Amino acid sequence: MSEEVNPFESMQEQIDDAAVHLDIDPGVLERLKNPERVLETTLSVEMDDGAIETFRAYRSQFNGDRGPYKGGIRYHPGVNRDEVKALSGWMVYKCAAVDIPFGGGKGGIALDPSGYSADELERVTRAYTEELRPLIGEDRDIPAPDVNTGQREMNWVKDTYESLENTTEPGVVTGKAVESGGSEGRVEATGRSVAIVSREAFDYRGGDVADATVAVQGYGNAGWVAADLLEDMGATVVAVSDSSGAIHDPDGLDPVAVKDHKRDTGSVAGFEGAGAWTNRDLLTADVDLLVPAALENAIDADIAADVSADIIVEAANGPLTPDADDILEERDVLVVPDILANAGGVTVSYFEWVQNRQRFQWTEQRVNDELERVVTEAFDELVDTFEERELGTFREAMYVVALQRVRRAAEQSGVWP
Ligand code: GLU
């Protein structure tokens, strides 16, 4: 993993690569490559033993031309200003790729949640929400889960915001528990879009995902659901990993049993009947489909040269460095970009927000049907653009589609005063 690659620079490079195919005013392009504003703050929080601990926290609002800023909140020791800026930019182009009426934002707190009690994490989350209060709201900026956050944290965000504002406004945050205004199907949504675009990608290449062997790097919410749904489609999941290591079984792993093992022991390592692998073994494994579902920069140029998979579907945000992208293009590995592949999460966040505003709950079937429609339509637009413009990669094609949408909204907004 190449730590030295700055994800913000990678994101800007991806926009530039698409912009060369579009005639964009340089001033407008500059605006579309940089966040509108970034909050950087220090939270002071009382620990269970009475000590005060401080945490660096961020929220980047990248672009709001197409709607309220939208994007998750990450709890991870590696969170920093440039990472949050990059992730917020990817949200802009992700929402535009699937054509939902949101801009992009992202937040994070530099902390490893495994080192804190639930009470401590609740106080951290409430302190963070207090800092966010002037910035967020169902028409302003709508946080959601990301790495190491989920329904519990989103319920705290909602409760803190509603208490401070003396109102009920469930649409201020998405990814809530269903009983607290969340949507059916939201937890599975990211993994579901990964599985849908995997099926479409094999179809595009003249194959069938049902015949595929799969390796999944990262076994959080996106990774495990993708593994489970790919298995439902007939694929064989032969290797999975998390930060503690990788496991493999050529006959296929049972994704649900591995998830239960991780819940009980804290990691996928030691799963009965499976062999142990390194992270690199997993990424270069002899499989048909590789799903990086962990963090940025998981696959650099060095690893890309040894990737055996024919298709990579990016469940994580930014898992390939730009150099890795170039090598994979040369090697004719088809990469389905993050801004489409993992867009199921924010798409169902949009459905959740719509349900909150209407105070009307959809069935899980309706959520999944609408998600299928949104993701397959975006995939078809990607392919049309890729072929019509004779572009080099699917990533370029998806960015061309998304950048055109954001650019039009930015130009129509004009410059004021
Ligand atoms: N954190 C997720 C992402 O990176 C979901 C964001 C959302 O639902 O707003 O797409």
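Once the Kirkwood radius over Cα pairs is known for the stretch 25-155, the Stokes-Einstein relation at 20 °C and 1.002 mPa s delivers a diffusion coefficient of 143 µm²/s.
Compute the signed sum of charges (Lys and Arg +1, Asp and Glu -1) over the other residues within less than 11 Å, Cβ to Cβ, of Asp332. After counting each charged neighbour, the total is -1. Full extension of the chain between Arg81 and Val28 gives 16.8 nm of extra length, using 0.36 nm per residue less the Cα-Cα distance.
Can you give the net charge of the other residues whose Cβ lies under 11 Å from the Cβ of Ala215, counting K and R as +1 and D and E as -1? Value of the local net charge: -3.
Taking the Cα centre of each part, how many Å lie between the stretch 235-290 and the stretch 369-392? Each part reduced to its Cα centre gives a spacing of 31 Å.
Could you tell me what percent of the accessible area of the stretch 46-178 is made up of carbon and sulfur, with a 1.4 Å probe and every protein chain present?
Summing carbon and sulfur atoms, their accessible area is 41 percent of the total for the stretch 46-178.
With the convex hull constructed from alpha-carbon coordinates only, the chain shows a mean projected area of 19.9 nm² over all directions. Taking a ≥ b ≥ c as the square roots of the eigenvalues of the Cα gyration tensor, an a/c ratio of 1.5 or more together with a/b no larger than b/c marks the stretch 239-351 as oblate. Of the GluC sites (Glu not before Pro) found in the stretch 269-370, the ones in coil according to DSSP and having at most 16 other Cβ atoms within 10 Å of their Cβ are Glu272.
Count the DSSP beta bridges whose two residues both fall in the chain, then state the antiparallel fraction as a percent rounded to the nearest 5.
Taking every DSSP beta bridge with both residues in the chain, the antiparallel ones total about 50 percent.
Secondary-structure-derived ellipticity at 222 nm for the chain, considering helices only, amounts to -14500 deg cm²/dmol, per-run term -39500 (n - 2.57) for DSSP H runs with n ≥ 4. Segment Gln365..Asp211, full-extension length gain: 52.8 nm, with 0.36 nm per residue of separation and the alpha-carbon distance subtracted.
Once both labels are positioned 7 Å from their Cα atoms along Cα-to-Cβ, the gap between Glu162 and Ala51 label points is 3.5 nm. Relative contact order for the chain: 17 percent, from Cα pairs under 8 Å spaced at least 6 residues apart, divided by residue count. Considering all different alpha carbon pairs of the stretch 340-417, the Kirkwood hydrodynamic radius works out to 14.5 Å. Take the stretch 270-417 with all the other protein chains still there, run a 1.4 Å probe, and you get 42 Å² of accessible area per residue. For the pair Glu387 and Glu40 in one chain, pulling the backbone fully straight at 0.36 nm per residue adds 120.7 nm over the alpha carbon distance.
Between Arg133 and Val415, the C-beta separation translates, for a Förster distance of 25 Å, into a calculated FRET efficiency of about 0.30. All other residues with a Cβ under 13 Å from the Cβ of Ala144 taken together, and with Lys, Arg as +1 and Asp, Glu as -1, what is their net charge? Taking every other residue near Ala144 into account, the sum is +3.
The values are calculated or read from the model by the stated rules, or taken from the named source; none is laboratory data. Keep in mind the model is a prediction, meaning the values are calculated, not measured. No Cβ is skipped: glycine too gets one built from the backbone with ideal geometry, and neighbour counts run over all protein chains shown. Each accessible area value is taken on the protein alone, full model and side chains, heavy atoms only, with ligands, DNA and RNA left out. Shrake-Rupley method; radii C 1.70, N 1.55, O 1.52, S 1.80 Å.
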